[in-house]
Amino acid sequence: MFSTSLARFLATRNIHYGWMMVALVLLYGICSSATLGIPGVLMVPMAEEFGWSIGDLSAPFGVRMALFGLIAPFAAGLMLVYRLRTVLTVAALLIIAGLVLAMTMTAKWELWLSLGVILGVATGMTSLVLATKIATTWFVARRGLVVGILGAGNATGQLIFLPLAAWLAEHWGWRSALVPSVVMIALLAVAFLLPSRDRPSELGLAPFGADTIVPPPRPTQGQCLRDEHRRIAERLALDRVLGAGIRVLHLRRDQLRADSAFRHAVRRQRHRRSQLDPTARADRRLRFHWHDRVRLALGSLR
């Protein structure tokens, strides 16, 4: 595994793997926090292009900030249930989807969806609780330092990306100002997915400042019930799919049987009519007569 080899390499230089996680989360926080401030720089160019008022543009941005705060309490629960890597990857994909949709938007509902709902949910999933999650999982000592470093990433991202976004919007158009954020978020999502781990025990390490390896917490009764309910729901969904397929096969079989019976009935009816019709009987005898004569003539030529 890449993360195991990297952990050994860092251990030979007396560097704990937790600092690698801090660096990855810091870079991701810098880029993701910039997506909150960049749309504010682009309000005037967007209003000039689409003819929308500042009020039309500021309303979705207000929804984004509201969702940013409302999602944070649930983000911690998502990280506990679905693990840190999964939540951060989903958040990165949502940010990329929201920015790409914003670059191609032509209507107001796309503005509300991309820069309002999607960006609000995506940034709220990680920004406020990610620092605490890393500090408490990977560190026993220096927790305050880790939280301070990761918290500074929010302001650092806006200091770096906002002037760049304003320059790009002025010289190349407001859509080009969103490209650096999309590229950086995509690269950091891949970089985070490869070397990151949810807990130091997955690498056989103790948290920074501790001497013993901390095992992952045992699932609570509620988590066991949720897992069992999820398994039951998956089985029921699979049964529904299989049942629907079997019903389709049965219907197709019945249809084929009905078609075969209909064709057989038509043939019998035609045969019965030909038996009752004297003209049809004479034509059939004449056809058989000439068929026999031609067959005899061909046999004599041989």
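Can you pull out every residue in the range 181-214 that is closer than 20 Å to residue 49 by Cβ and not hydrophobic (A, V, I, L, M, F, W, C)?
181
Look at residue 104 and say whether it is closer than 27 Å to residue 45 by Cα, surrounded by fewer than 16 Cβ atoms within 10 Å (Cβ to Cβ) and within 20 Å of the chain's Cα centre (by Cα).
yes
If I ask for residues that are in contact (Cβ under 8 Å) with a residue 24 or more places away in the chain and polar (S, T, N, Q), which ones from the range 184-201 would you list?
196
Does residue 26 count as under 22 Å from the mean Cα position of the chain (by Cα), in contact (Cβ under 8 Å) with a residue 60 or more places away in the chain and not in a loop (DSSP other than H, G, I, E, B)?
no
Please go through (1) part of a helix (DSSP H, G or I); (2) farther than 15 Å from residue 26 by Cα; (3) touching a residue at least 40 places away in the same chain (Cβ under 8 Å); (4) small (Gly, Ala, Ser) for residue 141 and return the number of the only condition it doesn't satisfy.
(1)
Residues that are in the same structural domain as residue 58 (by TED's automatic domain parsing), more than 15 Å from the chain's Cα centre (by Cα) and within 15 Å of residue 21 (Cα to Cα): does the range 115-126 have at least one?
Yes - at least one qualifying residue is present in the range 115-126.
Please verify whether the range 127-142 includes one or more residues that are under 18 Å from the mean Cα position of the chain (by Cα) and either within 18 Å of residue 59 (Cα to Cα) or among the aromatic types (Phe, Trp, Tyr) (or both).
No; the residues of the range 127-142 include none that is under 18 Å from the mean Cα position of the chain (by Cα) and either within 18 Å of residue 59 (Cα to Cα) or among the aromatic types (Phe, Trp, Tyr) (or both).
Each row is one residue, and each column tells you yes or no for (1) farther than 25 Å from residue 135 by Cβ; (2) in a helix (DSSP H, G or I).
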{"site": "159", "(1), (2)": "no, yes"}
{"site": "165", "(1), (2)": "yes, yes"}
{"site": "170", "(1), (2)": "yes, yes"}
{"site": "179", "(1), (2)": "yes, yes"}
{"site": "183", "(1), (2)": "yes, yes"}
{"site": "189", "(1), (2)": "no, yes"}
{"site": "195", "(1), (2)": "no, no"}
{"site": "202", "(1), (2)": "no, yes"}
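Here is a yes/no grid of residues against (1) of a type in the set (A, V, I, L, M); (2) modelled with pLDDT under 70; (3) part of a helix (DSSP H, G or I):
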position	(1), (2), (3)
205	yes, no, no
215	no, yes, no
253	no, no, yes
258	yes, no, yes
264	no, no, yes
270	no, yes, yes
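Please state which of the following conditions residue 91 fails to meet, knowing it meets all the rest: (1) modelled with pLDDT of 85 or more; (2) not in a helix (DSSP H, G or I).
That leaves (2) as the condition not met.
Yes/no matrix, rows are residues, columns are (1) outside the structural domain of residue 134 (by TED's automatic domain parsing); (2) surrounded by 18 or more Cβ atoms within 10 Å (Cβ to Cβ); (3) under 23 Å from residue 199 (Cα atoms):
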site	(1), (2), (3)
34	no, yes, no
38	no, yes, no
46	no, yes, no
50	no, no, no
70	no, no, no
75	no, yes, yes
84	no, yes, yes
90	no, no, yes
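For residue 166, indicate whether it is surrounded by fewer than 21 Cβ atoms within 10 Å (Cβ to Cβ), under 18 Å from the mean Cα position of the chain (by Cα) and small (Gly, Ala, Ser).
no
The values are calculated or read from the model by the stated rules, or taken from the named source; none is laboratory data. Since the structure is predicted, the reported quantities are computational estimates derived from the model, not experimental observations. Cβ sites come from the backbone with ideal geometry, for glycine too, and all protein chains shown count toward neighbours.
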